[in-house]
Amino acid sequence: MMSSVALAASASFVPFNSRAKHLARLFPGFSRRCGETNISLSASSQQKGFRFAVASSASGTNGNVAEIPEAETAPQLYSWPDKKRPRVCILGGGFGGLYTALRLESLEWPDDKKPQVILVDQSERFVFKPMLYELLSGEVDAWEIAPRFSDLLANTSVLFFQDKAKLLYPSDHLEVNGPTQSSRGGSVLLESGLLVEYDWLVLALGAEAKLDVVPGAIEFALPFSTLEDACKVDHKLRTLERRNFRKESAIRVAVVGCGYSGVELAATVSERLQDRGTVQAINVETTICPNAPPGNREAAIKVLSSRKVELLLGYVVRCIRRDVDLEASEKPTKSIGVAQHDSEKYILELQPAQRGLQSQTVEADIVLWTVGNKSLLPKLEPGDRPYDLPLNARGQAETDETLRVNGHPRIFAVGDSCALRESSGRLLPSTAQVAFQQADFAGWNLWAAINDRPLLPFRFQNLGEMITLGRNDAAISPSFIEGLTLEGPIGHTARKLAYLIRLPTDEHRLKVGISWLTKSAIDSVASIQSTLTKVLSDS
């Protein structure tokens, strides 16, 4: 739901009649006779719907007071604090959305043109996704990589709404064959029922794991792309570790996909389990991280080999199913009133993607899925079907090189929501590095558009690639020094420093930096004590 503080301070509710034709199919009880009635909002604060006084002009009577059920409640129009200053709505609080908002806040604005900015995200926390793996290893705490939006935006003028976008009503498509200037960009209907009009819109809704490509993946596989995903995986691993404590049976983990995410996950889990478990990583390619720099790939192979991670390369997962024999022989146990299959096991049927390989099956206690993702834009249904957003096959919005959506000059798209190609024709990868840079350009181009200045074309600058391989291991291949790869503890330290610099605000960077230094000092003291104890015991 939307932030109660922002709602109480900034929102007023009035009937929204001018868009009745768009809302007729959504709220038939409200707009069935919109053209023949006068509708006013009564002073009622019921939770299950508002009371409307309906005076029918056709019948000439005073009408009756009718209560509209929650499902048919009219949208509530958000009242912006300032009627004159530009209005910017940003959908999505990931790297693209949050960093665009912070960029807008950092720029110098004329007094009458500094935009009012609303950031909408369904979660209360921003998640620094490249460091989710450190949650599994225990190297970082949740607050360090998942701070609350309210804390990050406390010293800014950006308003945060914890809500979810439902429908989009763009009006800027009229500029294509109409006036060059439009007084309004459109509006967004949120799931809470709030209707937000905007002058400029930024689409930064991100992506989610694509599990519907393999039978059984939705039911039995765990994705790893959100904070909730990481918590579920950590909880499952803890359950398995407790179950197998002092037992000879090893925990079996299957990781589907050997791109960056799959390799980082396999390296982190294998280090955590050590001799208590085995990790099998499955990939359709005959190598891991096929698009990575050679130095990163070689470092990853060396680490995975040292931790005895079994690589099943050249295979695709045909299906995932529960172990039927185990299911029939064991009944679910109850814990805190909830039925749980603590001993549940799964079978992965693998089909060869390369010649010379044989089909095989893999048994696992937990299946981790890192293959593919899909944009969340298709879930944001446009209210005007003839003016749908131009989406590619991945569900990303097609944009020009200034990051404006084609045909919609008042809508920008960044990160996973943006489909932009390099000069070579290759689609830009959906990485944090790309989202960082696009947010910087989107913020600047919004400034330019509001101040009637030329917009800048986005040019991606590849600064290099990083991969984490455990608590004290990583690999970095900077783009400015060809052939150089920093590995091991040096790579690990360099990676953490690079990400520390990229954290959203100065205040959060300071808190996290102090926390990391404290942990490092404690670890160093513990290591010295352990070494001294060993030396003294040997002597």
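What to note about this one:
- Residue ID - surrounded by the fewest Cβ atoms within 10 Å (Cβ to Cβ), chosen from residues in the range 299-315 that are under 29 Å from the mean Cα position of the chain (by Cα) and under 15 Å from D473 (Cβ atoms): I301
- Condition check for L469: among the aliphatic types (A, V, I, L, M), open to solvent by 30 Å² or more (accessible area, probe 1.4 Å) and touching a helix residue (DSSP H, G or I) at 6+ places or on another chain (Cβ under 9 Å): no
- The conditions of being of a type in the set (K, R), surrounded by 14 or more Cβ atoms within 10 Å (Cβ to Cβ), in contact (Cβ under 8 Å) with a residue 12 or more places away in the chain and within 30 Å of T399 (Cα to Cα) are met by R502.
- Residue within the range 485-500 that is in a loop (DSSP other than H, G, I, E, B) and over 26 Å from E208 (Cβ atoms) present: yes
- Residue match in the range 425-448 (condition: in a loop (DSSP other than H, G, I, E, B) and closer than 30 Å to D111 by Cβ): no
- In the range 349-373, of all residues being within 23 Å of G96 (Cβ to Cβ) and modelled with pLDDT of 90 or more, the one that is least open to solvent (accessible area, probe 1.4 Å) corresponds to T370.
Conditions tested, residue by residue: (1) open to solvent by 10 Å² or more (accessible area, probe 1.4 Å); (2) within 25 Å of R318 (Cβ to Cβ).
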position	(1), (2)
A221	no, yes
F224	yes, yes
A230	no, no
F245	yes, no
S249	yes, no
R252	yes, yes
Y260	yes, yes
A266	no, yes
V269	no, yes
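- With respect to the conditions (1) loosely packed, with under 15 Cβ neighbours inside 10 Å; (2) assigned to a helix (DSSP H, G or I); (3) not hydrophobic (A, V, I, L, M, F, W, C), E482 falls short on a single one, namely (2).
- Restricting attention to the range 152-167, the residues that are touching a residue at least 12 places away in the same chain (Cβ under 8 Å) and under 13 Å from D506 (Cα atoms) add up to 4.
- Options L376, L389; residue that is in contact with a helix residue (DSSP H, G or I) (Cβ under 7 Å, 6 or more places away or on another chain) and either open to solvent by 70 Å² or more (accessible area, probe 1.4 Å) or among the hydrophobic types (A, V, I, L, M, F, W, C) (or both): L389
- Any pair with Cβ under 7 angstrom, 6 or more apart, that starts in the range 405-430 at a residue that is not assigned by the TED database to the domain that holds P390 and modelled with pLDDT under 90 and ends at one that is surrounded by fewer than 22 Cβ atoms within 10 Å (Cβ to Cβ) and part of a loop (DSSP other than H, G, I, E, B): none
- Count - residues of the range 243-265 that are assigned to a loop (DSSP other than H, G, I, E, B) and of a type in the set (D, E, K, R): 3
- Residue that is more than 21 Å from R459 (Cα to Cα) and open to solvent by less than 50 Å² (accessible area, probe 1.4 Å), where the choices are G395, G415: G395
- Meets criteria (part of a helix (DSSP H, G or I) and either in contact with a strand residue (DSSP E or B) (Cβ under 7 Å, 6 or more places away or on another chain) or open to solvent by 60 Å² or more (accessible area, probe 1.4 Å) (or both)) for T518: yes
The values are calculated or read from the model by the stated rules, or taken from the named source; none is laboratory data. Keep in mind that what you see is a predicted model, and the values were worked out from it rather than measured. Don't worry about glycine lacking a Cβ; one is built from the backbone with ideal geometry, like all the others, and counts go over all protein chains shown. Protein only, heavy atoms only, side chains kept; ligands, DNA and RNA dropped before computing areas. Shrake-Rupley method; radii C 1.70, N 1.55, O 1.52, S 1.80 Å.
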